[in-house]
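Engineer: Okay, here's the structure, questions in a sec.
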2 protein chains.
Amino acid sequence: AAKTVTAEEDGDGDEAVAAGANTIYMVSDGTGWTLEHSVNAVLGQFEHCLVDRRCATNTHLFSGVDEIDNLIEIVKQAAKEGALLLYTLADPSMAEATKKACDLWGVPSTDVLRPTIEAIASHIGVAPSGIPRSSASRKGQLSEDYFERIEAIDFTIKQDDGAQPKNLARAHIVLVGVSRTGKTPLSIYLAQKGYKVANVPIVMGIDLPKALFEIDPDKIFGLTINPVVLQAIRKARANTLGFHAQNSNYAEMEHVRQELDHANQIFARHPIWPVIQVTGKAIEETAAVIVRIYHDRKQKCSMPRISKRV
Amino acid sequence: AAKTVTAEEDGDGDEAVAAGANTIYMVSDGTGWTLEHSVNAVLGQFEHCLVDRRCATNTHLFSGVDEIDNLIEIVKQAAKEGALLLYTLADPSMAEATKKACDLWGVPSTDVLRPTIEAIASHIGVAPSGIPRSSASRKGQLSEDYFERIEAIDFTIKQDDGAQPKNLARAHIVLVGVSRTGKTPLSIYLAQKGYKVANVPIVMGIDLPKALFEIDPDKIFGLTINPVVLQAIRKARANTLGFHAQNSNYAEMEHVRQELDHANQIFARHPIWPVIQVTGKAIEETAAVIVRIYHDRKQKCSMPRISKRV
Ligand SMILES: Nc1ncnc2c1ncn2[C@@H]1O[C@H](COP(=O)(O)O)[C@@H](O)[C@H]1O
Ligand SMILES: Nc1ncnc2c1ncn2[C@@H]1O[C@H](COP(=O)(O)O)[C@@H](O)[C@H]1O
Ligand SMILES: [Mg+2]
Ligand SMILES: [Mg+2]
């Protein structure tokens, strides 16, 4: 790929590493997203000490590292910075070499996926391939799954914000809620997981589309939120969009409360719609709740679960 | 949440588990997405034996499990099904109890995040909170990060498919390529990570928007793809949209080749745009390549890396 040198604009570079910060190196022969995801979850376990900055960390993600020389370079650099090195390397000899280099240079290290690889290998009685996802020998064929996800994303983008109510019947999941309850990011998150999602805004004085009451009510979910939090979000939004409080009652407390009351009345008339409280929840947390209920309704298991076959 | 019973529509339920399939239970006190993500990566290590179905697996994801009684129920059910149980539980006493129950009932089990939690704890010298993300005692405050991601998603949806070229200057990343090179799902994937993405289609006979040549060329990425694969994708797409080959040359090999040639000529005229080969790559793999180059250009490190501060 062509490269140029640009001015350091946002101070994200090395030289800006805060003194005393804890440094974590993450190294993958693949995308590195598994490490990023896992480390994010784990860092949640250290939120309590972010107040006094004892937990302040710098993470450095190195993806697509599949040559031993690069690995050794990174380990050396980790040693210099006093970093912890977390890695996911499919090739056992690469993983072994990395571990040895870390031990040699005094770098604490953990192979994040190895215990899971070994547990699955021994469960199904098959040895892992040891071939990284980036390897040329892996022929990435496009699976049915791939097309399903892409179709879900295309569908979901087109249905955003109440567009095309005639397509509500084709959605797997329909989200209903007032402005800024997170319908759009939630829809997109679910679409990535392969669900076709439509979202329908509740706006006072505007009737909900007739089609909403003609589809399977089992796939409709209401979103609700604490009015104080909603007002804060709307204020932030209004600033971003550059419109001001005096021109609109969008972020006014009285109006926010009325709109949420209006939404709750609609929800009360449709007790079959689960109403999901989004206050204080991250998008992926609300998504997890919705997907759980969705599968639960379809499967009627004694214990709610999301089942898949590979 | 309100619940109803619906007909089993797609045979996803328990009763449909294939005989001889390998069963994996995944249990989290949170969303379960970390487990899902990790297990997907690990299953990639067993693709080689999917041909003869030896690796066929059923996964069952149990999320939001934070009560010991539920945990024990799930372990018992795993024992009945002969399943492997993988778990992520923040509370060490819950994790310990689960491990004990698994040992007692002969269920093989692995705590997927524990080694990473312990590595980070000892690196930064702070004990983990042991509080699951779902706990009411965690006050989920909306971070700056939250707003940034939502803004990125809103921006990206609005810019999809060349809409609003006047906003190209505000994008972090601009993707350029012919139809069905995966610009939209890629844009959305990157938006979820907080990048504002615009994508601009290359269509023969239609000029690229003037704005594209007025913005910082460092943020523009070309996408290219093998013509045979592109044709297959377009055929699938044409079927989905319900339009037929005779009405359109969209999926004709000759046309596909011409369009890709046209795109490559444009790329050749702009050598500063990295050209990413998407053939055989999953969306998240292409995303990883783009993010790596993006950060590399900004940081000018000797070793490409994605750095963040928490
Ligand atoms: N589809 C796949 N096939 C083979 N290995 C994979 C696959 N997906 C992920 N992996 C491996 O799992 C680890 C984590 O992947 P990643 O999340 O891309 O960093 C890396 O060692 C990858 O090589
Ligand atoms: N922000 C967070 N705060 C505390 N714990 C978390 C956080 N995010 C994830 N976790 C924990 O990490 C594990 C995996 O989370 P999940 O991906 O939601 O299943 C679970 O044990 C969660 O309780
Ligand atoms: Mg990884
Ligand atoms: Mg999990």
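Engineer: Checking B:H270 against (1) touching a residue at least 12 places away in the same chain (Cβ under 8 Å); (2) under 24 Å from the mean Cα position of the chain (by Cα): exactly one of these is not met. Which one?
Structural biologist: (2)
Engineer: Okay, moving on. Quick one: in segment A:31-44, of everything that is facing chain B (nearest Cβ under 7 Å) and under 18 Å from B:H295 (Cα atoms), which residue is surrounded by the fewest Cβ atoms within 10 Å (Cβ to Cβ)?
Structural biologist: Checking each candidate, the answer is A:W33.
Engineer: Being aromatic (F, W, Y) and over 14 Å from A:I120 (Cα atoms) is the filter here, so list the residues in segment B:44-64 that pass it.
Structural biologist: B:F62
Engineer: Report, ordered by the first and then the second residue, all pairs with beta carbons closer than 8 Å, sequence separation of six or more or different chains, a first member in segment A:60-80 that is within 11 Å of chain B (Cβ to nearest Cβ) and over 14 Å from A:L104 (Cβ atoms), and a second member that is part of a helix (DSSP H, G or I) and among the acidic types (D, E).
Structural biologist: So the pair list comes out as A:L61/A:E36.
Engineer: Shifting gears a bit: Evaluate the following for A:P115: is it at pLDDT 95 or above, within 16 Å of ligand 2 (Cβ to nearest atom) and within 30 Å of B:I117 (Cα to Cα)?
Structural biologist: In short, yes.
Engineer: Additional query: Pairs only if they're at least six apart or on different chains, beta carbon under 9 angstrom, first in segment A:111-124 and more than 7 Å from chain B (Cβ to nearest Cβ) and without any contact (Cβ under 8 Å) to a residue 40 or more places away in the chain, second surrounded by fewer than 17 Cβ atoms within 10 Å (Cβ to Cβ) and of a type in the set (A, V, I, L, M, F, W, C); list them, first residue then second.
Structural biologist: A:A121/A:A127
Engineer: Just checking, which of B:S143, B:S134 is surrounded by fewer than 23 Cβ atoms within 10 Å (Cβ to Cβ), at the interface with another protein chain (Cβ under 10 Å from one of its Cβ atoms), in contact with an Asp or Glu (Cβ under 7 Å, 6 or more places away or on another chain) and hydroxyl-bearing (S, T, Y)?
Structural biologist: B:S134
Engineer: Also: What is the one condition in (1) surrounded by 14 or more Cβ atoms within 10 Å (Cβ to Cβ); (2) at pLDDT 95 or above; (3) within 16 Å of ligand 2 (Cβ to nearest atom) that B:E96 does not satisfy?
Structural biologist: (1)
Engineer: Determine, yes or no, whether B:E47 is under 18 Å from A:P304 (Cβ atoms) and either modelled with pLDDT under 95 or among the aromatic types (F, W, Y) (or both).
Structural biologist: Taking the combined requirement at face value, the residue does not satisfy it.
Engineer: Criterion first (small (G, A, S), buried (at least 17 other Cβ atoms within 10 Å of the Cβ), touching a residue at least 60 places away in the same chain (Cβ under 8 Å) and more than 16 Å from ligand 1 (Cβ to nearest atom)) does A:G162 satisfy it?
Structural biologist: Answer is no for this residue.
Engineer: Among the residues of segment B:71-93 satisfying the criterion of being part of a strand (DSSP E or B) and more than 12 Å from ligand 2 (Cβ to nearest atom), which is farthest from B:S137 (Cα to Cα)?
Structural biologist: It comes out as B:L84.
Engineer: Residues in segment B:258-271: is at least one touching a Lys or Arg at 6+ places or on another chain (Cβ under 9 Å) and aliphatic (A, V, I, L, M)?
Structural biologist: Within segment B:258-271 (the criterion being touching a Lys or Arg at 6+ places or on another chain (Cβ under 9 Å) and aliphatic (A, V, I, L, M)), the answer is no, since none of the residues qualifies.
Engineer: Given the conditions (1) over 28 Å from the mean Cα position of the chain (by Cα); (2) in a helix (DSSP H, G or I); (3) closer than 18 Å to B:V39 by Cβ, report the number of the one that A:A121 does not fulfil.
Structural biologist: So A:A121 meets the others, but not (1).
Engineer: Further question: State all residues of segment B:110-133 that are within 16 Å of ligand 3 (Cβ to nearest atom) and within 17 Å of A:Y25 (Cβ to Cβ); if no residue qualifies, say none.
Structural biologist: Result: B:P115, B:T116, B:A119, B:I120.
Engineer: Can we say A:V27 is within 16 Å of ligand 2 (Cβ to nearest atom), modelled with pLDDT of 95 or more, buried (at least 22 other Cβ atoms within 10 Å of the Cβ) and under 24 Å from the mean Cα position of the chain (by Cα)?
Structural biologist: no
Engineer: Same structure, new question: Here's a check for you: in segment A:277-298, which residue that is among the aliphatic types (A, V, I, L, M) and within 16 Å of ligand 2 (Cβ to nearest atom) is nearest to the other protein chains (Cβ to nearest Cβ)?
Structural biologist: Restricting to residues being among the aliphatic types (A, V, I, L, M) and within 16 Å of ligand 2 (Cβ to nearest atom), the top hit is A:A288.
Engineer: Report, by residue number, each residue of segment A:45-70 that is surrounded by fewer than 19 Cβ atoms within 10 Å (Cβ to Cβ) and in a helix (DSSP H, G or I).
Structural biologist: Within segment A:45-70, A:E47, A:H48, A:C49, A:I68, A:D69, A:N70 qualify.
The values are calculated or read from the model by the stated rules, or taken from the named source; none is laboratory data. Please read these numbers as outputs of a predicted model, since none were measured by experiment. For neighbour counting, all protein chains shown are included, and Cβ atoms are generated from backbone atoms with ideal geometry for every residue, glycine included.
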